[in-house]
Amino acid sequence: MSYFVTGASGFIGKRLVKRLLDRKNSVVYFLIRSESKKKVDQLMAFWGDAAAGRCIPVVGDLAKPMLGVSTAEKTKLKAAKIKHVFHLAAVYDMNASAEDNQLTNVDGTKHAVELANEIKAAQFNHMSSIAVAGNYEGVFREDMFDEAKDYLDHPYMQTKHDSEQYVRENCKMPWRVYRPGVVLGDSKTGEIDKIDGPYYFFKLIQRMREMLPPWMPAIGIEGGRMNMVPVDFVVDATDHIAHAKGHDKKAFHLTDPAPMRIGDSLNVFARAAHAPQMALRVNAALFGFIPQSVVKGVAALPPVRRIKNAVMKDLGIPEDTLGFINYPVRFDCRDTLRALEGTKIAVPPLEDYAWKLWDYWERHLDPDLFIDRTLKGQITGKVILITGGTSGIGQATALKIAAAGSAKAVIVCGRDQEKIDETLALAKKEGVKLSAYPADVTDEKSCADFVALLETKYGGVDILVNNAGRSIRRAIESSYDRFHDFTRTMDVNYFGALRITLGLLGGMAAKKKGHVINISSIGVLTNAPRFSSYVASKAALDAFTRCASSEYSDRGVSFTTINMPLVKTPMIAPTKIYNNVPTLDPDEAADMIIRAIVYKPVRIATRLGILGQVLHAFAPRIAQIVMNTSFRMFGDSEAAKGKKNEVTGPSADQLALSNLMRGIHF
């Protein structure tokens with residue numbers, strides 16, 4: 001038996017050809033554009049040994065009359081006595097332009113029918129779509145067609161309807177139409193070739209998994225019933241129905257007879273992803289009482305429009321997708337079920353194969369896989385400045401960045417020339433290149449001179465890490481006569497960071513690119529007692545960062561705040577009790593800064609820090625009790641009391657609390 005197939009290289013097409021090759025003595029002629037001949041070898045490999053001598057490419061073009069097939073090729077096709085034409089080539093994309101939809105779906109179908117009539121094929125099989133029903137309100141049967149004409153609200157729907165109509169009115173041979181639902185990946189392998197339908201929401205599910213534990217209930221949408229079927233069902237059903245007798249001039253809904261609501265199906269995928277499920281679902285139809293003029297007016301407001309566009313872009317969800325949340329059509333598929341009766345061909349439960357779809361998407365199609373998330377890729381050709389980079393966190397970060405080897409320059413600055421020399425010697429020992437300069441962030445002239453040098457020698461800075469800092473651990477009741485503790489801490493942690501940032505920010509804005517990373521503290525989130533001067537200075541820096549990020553979000557300059565946990569550095573060395581409590585080491589802290597460089601988040605914080613912030617927001621009295629307990633349990637160090645020697649042995653209670661609250665300042 002001979003076949004002619006358009007769209008043989010497509011997701012459905014190449015699987016259907018493989019199925020046709022299972023039939024004894026079958027020969028498949030398939031349309032291929034001349035510029036796509038390089039795909040032939042890949043297709044032959046996919047079809048396997050059975051394709052040798054039985055799969056024959058025919059050069060042509062959907063956009064041309066008679067599919068652009070030459071006279072000689074048409075003669076061959078006539079001689080082959082084509083039993084079935086399978087017309088699968090089409091645009092299956094709601095986001096395609098109206099012109100592309102018209103050219104491929106309508107004109108392509110016309111040209112395929114012309115060729116089928118010319119070569120006197122015995123049967124025309126047209127792969128349509130449930131989109132022919134448009135937004136018909138109610139149950140759409142397989143024998144319905146014209147009833148959808150007043151509900152075709154989208155160019156894709158209109159062209160799918162027009163192309164099916166052309167088949168119905170112009171085929172000179174018997175025809176059969178197949179209307180699959182939203183086609184998912186293979187239920188056995190999970191394979192899919194593009195992101196479409198429910199896959200648009202996979203990134204949202206993934207983000208929820210990253211932010212929340214799987215047991216935490218979330219709020220979602222109820223939505224309409226979106227009919228989804230795996231590609232292997234579509235192929236098996238099409239192959240069987242096409243070859244069965246008594247189905248001419250009929251349309252078949254290759255759909256799920258028991259479709260799930262969008263909210264239910266998203267929960268199935270959430271379970272497959274081990275992400276939180278949407279336990280509370282809102283039916284968007286409840287808001288139908290709001291006049292459309294009001295909805296459109298609010299949506300047109302610049303802030304609302306920008307927020308919506310930013311969120312949709314970040315998640316990769318096309319705007320048109322939202323229009324199908326309350327999809328109103330139900331599809332009757334009784335004719336299809338009767339045609340498949342006695343076979344094992346049926347739509348499998350989504351729950352049985354959702355994990356395969358998720359796994360394939362996350363391994364092969366997740367958009368993040370195609371973004372260079374390496375440190376080397378993010379710093380190539382860039383100038384990076386790390387203040388306070390001659391010891392502790394700053395030094396560890398500078399050495400890791402320099403080791404990537406792709407930056408234009410990695411620069412550190414510090415007040416102590418001896419530490420600068422030590423850092424340069426360490427870099428030389430490790431075989432990496434660093435540039436180091438003396439600069440005092442508390443001195444305005446020193447900062448101005450340093451910024452001028454950076455502009456002159458390097459053309460400014462692309463990534464600024466404000467890491468220079470000072471910490472003082474002393475209770476307020478021990479600070480009544482120590483106002484200078486507050487001024488000197490503020491001068492380094494807040495004003496020092498601002499002196500450098502303001503000096504470089506203008507250049508970043510002019511180039512419309514730049515990234516400022518401010519090292520804050522977990523203490524800002526937990527309101528750590530005994531660190532009032534330190535936390536206040538970091539809180540001021542956090543507030544400035546939030547204001548600046550709002551002003552520069554459309555100027556190409558991004559800001560990241562890192563609420564750093566307690567790190568074992570020279571800055572905390574005077575507090576000997578920290579020798580016995582769990583802390584991060586500088587390399588772990590450096591990894592947090594590198595994550596900020598690579599991913600550019602608005603904030604990086606530990607779960608413990610976020611929990612502390614939430615506790616202070618929703619249960620401030622309980623938060624006060626927790627922090628006061630730690631305050632009284634640990635007490636001031638001997639150094640804070642003005643004594644040289646300090647008792648370092650922590651009690652069992654202190655060890656237990658510090659292990660439970662790793663990274664919190666005590």
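The values are calculated or read from the model by the stated rules, or taken from the named source; none is laboratory data. Keep in mind the model is a prediction, meaning the values are calculated, not measured. Positions of Cβ are backbone-derived with ideal geometry, glycine not excepted, and every protein chain shown enters the neighbour counts.
Before moving on, here are some points about what is shown:
- The stretch 456-472 - residue that is farther than 24 Å from Ala596 by Cα and either of a type in the set (S, T, N, Q) or modelled with pLDDT of 95 or more (or both) and, of those, surrounded by the most Cβ atoms within 10 Å (Cβ to Cβ): Lys457
- If you go through the stretch 469-487 and keep only what is touching a residue at least 24 places away in the same chain (Cβ under 8 Å) and either part of a helix (DSSP H, G or I) or aromatic (Phe, Trp, Tyr) (or both), you end up with Ile476, Ser478, Asp485, Phe486.
- Hey, Ile195 over 18 Å from Val17 (Cα atoms), modelled with pLDDT under 90 and out of contact with any Pro (no Cβ under 9 Å at 6 or more places or on another chain) or not: no
- From Thr109, Thr104, Thr71, residue being hydroxyl-bearing (Ser, Thr, Tyr), farther than 27 Å from Asp196 by Cβ and assigned by TED's automatic domain parsing to the domain that holds Cys171: Thr71
- Filtered residues of the stretch 42-93 (kept if of a type in the set (A, V, I, L, M, F, W, C), over 19 Å from Asn170 (Cβ atoms) and over 35 Å from the mean Cα position of the chain (by Cα)): Ala50, Ala51, Ala52, Cys55, Ile56, Val58, Val59, Ala72, Ala79, Ala80
- Restricting attention to the stretch 184-229 and to residues that are of a type in the set (Asp, Glu) and in a loop (DSSP other than H, G, I, E, B), the residue that is nearest to Ala8 (Cα to Cα) turns out to be Asp193.
- Any hit, the stretch 104-113, residues being touching a Cys at 6+ places or on another chain (Cβ under 8 Å) and buried (at least 23 other Cβ atoms within 10 Å of the Cβ): yes
- Filtered residues of the stretch 441-485 (kept if of a type in the set (Phe, Trp, Tyr) and more than 43 Å from the chain's Cα centre (by Cα)): Tyr480, Phe483
- Taking the stretch 506-533 as the range and being assigned to a helix (DSSP H, G or I) and either surrounded by fewer than 21 Cβ atoms within 10 Å (Cβ to Cβ) or not aliphatic (A, V, I, L, M) (or both) as the test, the residues that pass are Gly506, Gly507, Ala509, Ala510, Lys511, Gly523, Thr526, Ser532, Ser533.
- Selection status of Gly138, surrounded by 20 or more Cβ atoms within 10 Å (Cβ to Cβ) and either on the phi > 0 side of the Ramachandran plot or not assigned by TED's automatic domain parsing to the domain that holds Met66 (or both): no
- Output for the stretch 42-51, where each listed residue is closer than 16 Å to Ser9 by Cβ and assigned to a helix (DSSP H, G or I): Gln42, Leu43, Met44, Ala45, Phe46, Trp47, Ala51
- For Ser550: the one exception among (1) among the polar types (S, T, N, Q); (2) in contact (Cβ under 8 Å) with a residue 40 or more places away in the chain; (3) surrounded by fewer than 22 Cβ atoms within 10 Å (Cβ to Cβ): (2)
- Cβ separations smaller than 6 Å between residues 6+ apart or across chains give the following pairs from the stretch 490-506 residues that are farther than 20 Å from Arg555 by Cα to residues that are surrounded by 22 or more Cβ atoms within 10 Å (Cβ to Cβ) and basic (Lys, Arg): Asn493/Lys538.
- Among the residues of the stretch 52-60, none qualifies, meaning not one is modelled with pLDDT of 90 or more, in a helix (DSSP H, G or I) and in the same structural domain as Glu99 (by TED's automatic domain parsing).
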